[in-house]
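What follows is one structure encoded as structure tokens, with my remarks underneath.
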Amino acid sequence: MAVQEQAIDQQKLDGFLGKVIGDWGAAHGCALALMGDRLGLYKAMAGADPITPTELATKTSMVERYVREWLVNQVSGGYVEYDPQTERYTLPPEHAMALTDETSPAYVAPGFQLMLAIVRAEPRIEEAFRTGGGMVWGEHHSDLFPATERFFRTGYLAHLVSSWIPALDGVEAKLKSGATVADVGCGHGASTRIMAQAYPNSRFHGFDNHAPSIEAARAEAEAEGVGDRITFEVATAQDFPGSGYDVIAYFDCLHDMGDPVGAMRYARRAVADDGTLLIVEPMAGERVEENINPVGRVFSGVSVLCCTPNAIASGGPDGVALGTVATERQLREVVLEGGFARFRRTTETPFNRIFEARP
């Protein structure tokens with residue numbers, strides 16, 4: 001039956017059209033929020049008295065004509081407040097915390113850079129819908145890699161040492177006394193550096209298949225004074241060197257791998273018999289309806305545009321494309337098939353599930 005022949009609920013149609021317009025505005029708003037972050041507009045407004053467009057432009061050395069409508073957009077999106085009586089704009093302290101305070105667990109500004117980097121892949125992924133092909137991480141826009149570190153570092157700073165590691169059986173004590181750790185898929189090495197700073201008696205080895213990320217990780221480790229405790233090397237999850245590791249960590253990367261079962265088999269050979277796998281994965285439900293929420297919307301979008309294409313592009317004949325909304329059951333099956341005897345969820349956040357695997 002043609003749509004025109006169906007009974008249309010006008011109120012429902014109008015509501016949907018309003019939602020679409022909201023999504024258009026959100027797409028533009030993401031780009032303008034990234035500008036607010038990069039150009040220092042949010043930081044200039046944080047903690048400041050209500051400000052005019054001219055004052056904000058002067059304070060940031062920007063062009064007032066652009067700042068004026070940037071502010072209108074920010075008010076329309078609910079990021080900035082406007083007083084029509086004084087014609088001045090204010091960044092509420094709660095919003096400033098999320099947009100400017102890099103030490104806050106609520107800091108989300110890097111997400112704009114991350115999301116915009118990912119959506120640039122749309123033409124390639126559209127073609128992949130037709131062909132079944134994929135796209136590896138290294139083929140994405142260069143912003144993806146620093147944005148990933150900036151975005152995930154916030155959560156790692158807030159939870160990794162304070163709750164995730166203590167939730168593992170006996171791992172914190174090993175790290176304090178001196179352990180050997182592999183951080184597989186380390187990217188720019190934020191997770192590796194955080195652990196190295198917290199556990200100076202341990203030694204850390206970061207591995208990633210993206211050479212520019214490894215170069216950046218080495219530079220950042222030296223800048224933070226932990227270069228003597230960390231080595232970074234270009235390697236995959238199935239060829240990284242070393243054995244007898246006390247801990248092998250996979251931070252938000254197992255679901256990206258083309259052959260996660262093969263990665264687990266390799267990890268079983270590389271980990272000590274009394275060692276531990278720390279696996280951090282995005283928060284996802286066991287059923288479709290558990291992912292129908294704002295977090296699920298973000299993660300499923302990232303899965304289509306980035307994570308699943310990487311898994312497909314890099315998978316072998318026995319590859320499994322887990323993707324960002326992989327269920328706990330799927331993750332458990334991969335880990336146990338890889339040769340581990342125990343697998344459990346140790347803790348979680350609104351955005352993460354933390355798992356422990358043992359031989």
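No value in this document is a laboratory result; all are computed from the given coordinates. Everything numeric in this text was worked out from a predicted model, so none of it was measured. Ideal geometry is used to build each Cβ from the backbone, glycine not excepted, and the neighbour counts take in all protein chains shown.
Taking mean projected area of the Cα convex hull in nm² straight from the coordinates, which label in [x] 21.8; [y] 24.0; [z] 17.2 is the correct one?
[x]
Say R0 is 41 Å: what FRET efficiency, to the nearest 0.05, do Glu127 and Arg287 get from their beta-carbon distance?
After rounding, the FRET efficiency stands at 0.85.
Given R₀ = 22 Å, what would the calculated FRET efficiency be for Thr103 paired with Ala198, taking r from the Cβ atoms and rounding to 0.05?
0.90
Would you please state the base-10 log of I(q)/I(0) at q = 0.13, 0.22 1/Å for the range 13-102, with intensities from the Debye formula using one equal scatterer on every alpha carbon?
-0.43, -1.08
In straight Cα distance, which lysines are under 24 Å from Lys43, not counting same-chain residues fewer than 8 positions off?
Within the straight-line limit of under 24 Å, Lys43 reaches these lysines: Lys59.
Which cross-chain or sequence-distant (5 or more) residues have an amide H under 5 Å from the amide H of Phe232, H modelled 1.01 Å from N in plane?
Gly206
For the range 117-134, take each phi angle, set θ = phi - 60°, evaluate the Karplus expression 6.51 cos²θ - 1.76 cosθ + 1.60, and give the result in whole Hz per residue in order, putting x for glycine and proline.
Along the range 117-134, the couplings run 5, 5, 5, 5, 7, 3, x, 5, 6, 4, 5, 5, 4, 7, 9, x, x, x Hz.
Which order do peptides 62-69, 32-39 fall in by mean Cβ count within 10 Å, highest first?
Result, highest mean Cβ count within 10 Å first: 32-39, 62-69.
In whole Hz and in residue order, list the ³J(HN,Hα) couplings for the range 225-238 that follow from phi through the Karplus curve 6.51 cos²θ - 1.76 cosθ + 1.60, θ = phi - 60°; x for Gly and Pro.
x, 10, x, 6, 10, 10, 10, 10, 9, 6, 6, 9, 6, 10
Only Cα pairs under 8 Å and at least 6 apart count here; give the relative contact order of the range 179-285 as a rounded whole percent.
Answer for the range 179-285 is 29 percent.
Hey, got the Cα dimensions of the range 130-214 along the principal axes, in Å, largest first?
Taking max minus min along each principal axis of the Cα atoms, the range 130-214 gives 51, 23, 22 Å.
Hey, what did the chain get for relative contact order, percent, Cα under 8 Å, at least 6 apart?
Relative contact order for the chain comes out at 13 percent.
Please work out, to two decimal places, the log10 of the ratio I(q)/I(0) at q = 0.20, 0.22 Å⁻¹ from a Debye calculation in which every Cα of the range 212-302 carries one identical scatterer.
-1.07, -1.13
For the chain, what is the calculated [θ] at 222 nm in deg cm²/dmol (nearest 500), taking -39500 (n - 2.57) for each run of four or more DSSP H residues and dividing by its residue count?
-14000 deg cm²/dmol
Taking square-rooted eigenvalues a ≥ b ≥ c of the alpha carbon gyration tensor, is the range 165-254 rounded, prolate or oblate, where a/c under 1.5 means rounded and, failing that, a/b exceeding b/c means prolate?
oblate
Size of the dipole of the chain about the Cα centre, Lys and Arg at +1 and Asp and Glu at -1 on the beta carbon, nothing else charged, in debye to 20?
440 debye
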